[in-house]
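First the structure, in the form of structure tokens, and then the observations on it.
The values are calculated or read from the model by the stated rules, or taken from the named source; none is laboratory data. All of these numbers come straight from a predicted model, not from anything done at the bench. Cβ: placed from backbone, ideal geometry, glycine included. Neighbour counts: every protein chain shown.
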Amino acid sequence: MRFFIFMKLIVNGETLETANAGTVLELLKELRIEPKRVAVEVNLSIIKGRDYEIFRLNEGDKVEIVNFVGGG
């Protein structure tokens, strides 16, 4: 028998239940978002791209993901 532990996050204002997103990078992969094309903030702190793989998410964290837009 396999058990899953779900964690609730608030992602861009929407509640998300996940069993696979222990880090920012895992969350981005689950959401099918290219890490190099976004900025991520967790609980009002900006997370550096190099830290996506090691930054741990916790129950109830508020995550904002913003896409970079090119132009000129």
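Residue by residue, here is whether (1) touching a Ser or Thr at 6+ places or on another chain (Cβ under 9 Å); (2) surrounded by 11 or more Cβ atoms within 10 Å (Cβ to Cβ); (3) not in a strand (DSSP E or B); (4) not acidic (Asp, Glu) holds:
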site	(1), (2), (3), (4)
9	yes, yes, no, yes
16	no, yes, no, yes
28	no, yes, yes, yes
40	no, yes, no, yes
58	no, no, yes, yes
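If you go through the stretch 17-30 and keep only what is under 10 Å from the mean Cα position of the chain (by Cα), at pLDDT below 95 and of a type in the set (A, V, I, L, M, F, W, C), you end up with just 21. Being modelled with pLDDT of 95 or more, under 11 Å from the mean Cα position of the chain (by Cα) and not in a strand (DSSP E or B) is a description that does not apply to residue 64.
Would you check which residues across the stretch 42-56 are among the basic types (Lys, Arg) and part of a loop (DSSP other than H, G, I, E, B) and list them? 48, the sole residue that qualifies.
Going by what's in this entry, would residue 47 be described as within 20 Å of residue 5 (Cα to Cα), at pLDDT 95 or above, of a type in the set (A, V, I, L, M, F, W, C) and in contact with a strand residue (DSSP E or B) (Cβ under 9 Å, 6 or more places away or on another chain)? So residue 47 fails the test.
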